[in-house]
Amino acid sequence: MDLLQDAARRANLYLNSIHDRRVTPTPESIAALETAIKTELPETPTAAETVLADLDQFGSPATVASQGGRFFGFVTGGTTPAALAASWMISTWDQNAALRVMSPAAAIFEETALTWLRGLLNLPADAAGAVVTGATMANFTGLAAARHALLQKQNWDVENDGLFGAPPITVVVGGEVHVSLLKALGMLGLGRRRVIRVPVDGQGRMRADSLPPLNETTIVCIQAGNVNTGAFDPAAEICEAAHKAGAWVHVDGAFGLFAAMSPQYRHLTTGFAQADSWATDGHKWPNVGYDCGLAFVRDSEALRGAMTMNAAYLPPGAHRDPCHYTPEMSRRARGVELWAAIRAQGRTGMAALIERTCSHARRFADGLRAAGHTVLNDVELNQVLVTFGTPEQTLAVMRRVQAEGICWCGETEWQGHVAMRISVSSWATTEADVDAALASILRATQ
C-alpha cells in the first residue's frame, strides 16, 4: 500500500535524524501541534494520506527524543530495531491476544518469550507468567496472586466475595517503596496507607533486621533496584524470615531484576529467586517498545485463581489462554515484540546491554566527581544521583540542562537531598552521547 510505504519513509526519516535534534521539543513545535491538532472534528472524512502527513508534520517535531541515546529520565529505554519492526508487524496483523484460539501465533510467541525470560532472570522454570502493560500492572498482577493465595488459606474467596469481612492482610514495604507498587495496592483494596514501612539503609535498601512480626497473612514487598540509587534489598535474608512465618514475598524489580542476565551484575540479584512473585518491565532494559510489563508467580494456580474468568462463549482450550493470567481480556500481542527483542539480542546481547549501560552510568559518575560535584549513591547499576550545591543550585543546573536540549535528566528528592537523577538504560546510548551530556551538564554549572 502506498500509505504504508509513506509511513515507513517518514518513520525512517524520523529515526535517522533523531541523533541530530534536541532531546526535548521546542516550545514553538509544541504550540504548532496544539494549533494544528486541537480543532473541531471534521464533518466529512479526511484522506488517510493527509492524516499521516499531519501526524508527521506536527507530531514528530513535538515528540521527546527518548528513542535516541541522550534521554536519561525515568529509566526509559529506547526500542531496539528488531522490537520496532515486530511492533509494525503486530499492528499489521491486528491480533487479539486474549485467547489462543483468537491468535495461535500471539500465544506461541508469548509463551516462548516467557520461557526464555524465566531462564534469563533465574526464576523457577514452572512459574506462571503474564505479559501486561508495565510494572504497575505487573505489581498489581503479582500482588493479586498473593492476595488470592493468602486469603484462600483462610478459606476466603476474595475474587467472588470481595474484601468486605475478609481476614485482614498485612503488607510490609521498604521505606523507599516505589509509588507504582503503592498504586497497585490501592487498586487491589489493600490500601496505600495501610502498609508497614521498614527502615532503609544509606542506599535505600530495606533493613532485614528491622522487619516487623510476620505471619501467614503478610505480604512482604522487596525491591530489585531502588528507583533512585539502583540498590537491591537483602532478598535472601528477607525471604528466609518471611517463609519461616508463612508470608508471601513479592519483588518489585522494574529494571533491576534484569541484572540477573549479566555475569558481571548477577550477584546483585542473589536471593531474589526465592521470592513468590516478581514484577518487571520489558520496556526498560530489554528495550521493547511501550507498553510491556512482566509478572511471574511461583504458584501458577494462585495467579490463575486471581485472574481467570468463565463464560459460556469462552470454552476452555487445551493450551494456555493468556487472558486467564492477566488483568486484561482483549489485549495487544505485545509478547511478539518481546520475543523479537530477546531473539535478536540473544543471551550475550542481553548481558552486553546491561553491562554497557551500567558502564555509561559509571562514566557519568566519574566525570561529575572529577569536576568536583557530589554523587550521592554507590553507582553499582545504572542510576546516578548528583547534587550541585544547595537545592536551588541543583534545580537551576537541571533546568539549564533541560533547556539546552542536548540531553534530559530529571529531578528527585532522596534522603533529604534534592538531586539530579541520571538513568542510563537505552541500547542507543554511546560513549559519545555520555560525553556530550556530561559537557552540557558541566556547562550548566558555570
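FYI, it's all coordinate maths here, none of it is from the lab. Predicted model only: the values in this text are computed from it and were never measured. As a convention, Cβ positions derive from the backbone with ideal geometry for all residues, glycine included, and neighbour counts pool all protein chains shown.
Averaging the inverse of every distinct alpha carbon separation and then flipping it gives the Kirkwood radius. What is it for segment 34-94, in angstrom units? Don't jump to the answer; show the numbers that get you there.
Numbers: mean 1/r = 0.0686 Å⁻¹.
By the Kirkwood definition, the hydrodynamic radius is 14.6 Å.
Note on segment 276-320: dipole from Cβ charges, positive end direction compared against 312, 289, 279; the farthest Cα belongs to 312.
Per the Debye formula on identical point scatterers at the alpha carbon atoms of the chain, with no solvent, log10 I(q)/I(0) at q = 0.06 Å⁻¹ is -0.28. Look at where the Cα atoms of segment 236-286 and of segment 373-398 average out, and the two centres are 27 Å apart.
Each peptide in 16-28, 223-235, 370-382 gets a packing score, the mean of other Cβ atoms within 10 Å over its residues, and the list from highest to lowest is 223-235, 370-382, 16-28.
The alpha carbons of segment 394-446 give a radius of gyration and a Dmax of 11.4, 33 Å, in that order. Each peptide in 399-411, 132-144 gets a packing score, the mean of other Cβ atoms within 10 Å over its residues, and the list from highest to lowest is 132-144, 399-411. Measuring nothing but how far apart in sequence close Cα pairs (under 8 Å, 6+ apart) lie, relative to its length, the chain scores a relative contact order of 22 percent. Please list log₁₀ I(q)/I(0) at q = 0.10, 0.19 Å⁻¹ for segment 46-159, using the Debye equation with identical point scatterers on the alpha-carbon positions. Taken in order of the listed q values, log10 I(q)/I(0) reads -0.53, -1.29. Residue 268 sits among other residues whose Cβ lies under 14 Å from its own Cβ, and their net charge, with Lys and Arg +1 and Asp and Glu -1, is -2. What whole-number distance in Å separates the alpha-carbon centres of segment 49-85 and segment 180-231? About 34 Å separates the Cα centre of segment 49-85 from the one of segment 180-231. Local charge for residue 284 was computed over the other residues whose Cβ lies under 13 Å away, with Lys and Arg +1 and Asp and Glu -1, and equals -3.
Within the same chain, lysines fewer than 8 places from residue 183 are excluded, and of the rest, those with a Cα less than 27 Å from its Cα are 153, 284. Restricting the calculation to alpha carbons of segment 157-217 gives Rg and Dmax of 13.4, 43 angstrom. Counting Lys and Arg as +1 and Asp and Glu as -1 over every other residue whose Cβ lies under 10 Å from the Cβ of residue 230, the net charge comes to -2. Most tightly packed first, judged by the mean number of other beta-carbon atoms within 10 Å of their residues, the peptides 279-285, 198-204, 349-355, 30-36 read 279-285, 349-355, 198-204, 30-36. Here is the P(r) of segment 182-302: all C-alpha pair distances, binned every 5 Å from 0, give 2, 11, 19, 25, 22, 14, 6, 2, 0 in whole percents. Evaluated with a Cβ-only charge set (Lys, Arg +1; Asp, Glu -1), segment 158-315 carries a dipole of roughly 300 debye about its Cα centre, given to the nearest 20. When the chain is described by a simple charge dipole with +1 on each Lys and Arg Cβ and -1 on each Asp and Glu Cβ, the residue from 190, 259, 138 located farthest towards its positive end is 259.
Remark on segment 286-406: hydrodynamic radius 19.0 angstrom, per the Kirkwood mean of 1/r across alpha carbon pairs.
The shape of segment 85-341 can be summarised by an equivalent ellipsoid whose semi-axes, obtained from the alpha carbon gyration tensor, come to 29, 23, 14 Å from longest to shortest. Looking at segment 1-109, the pairs of alpha carbons with a distance over 19 Å make up 60% of the total.
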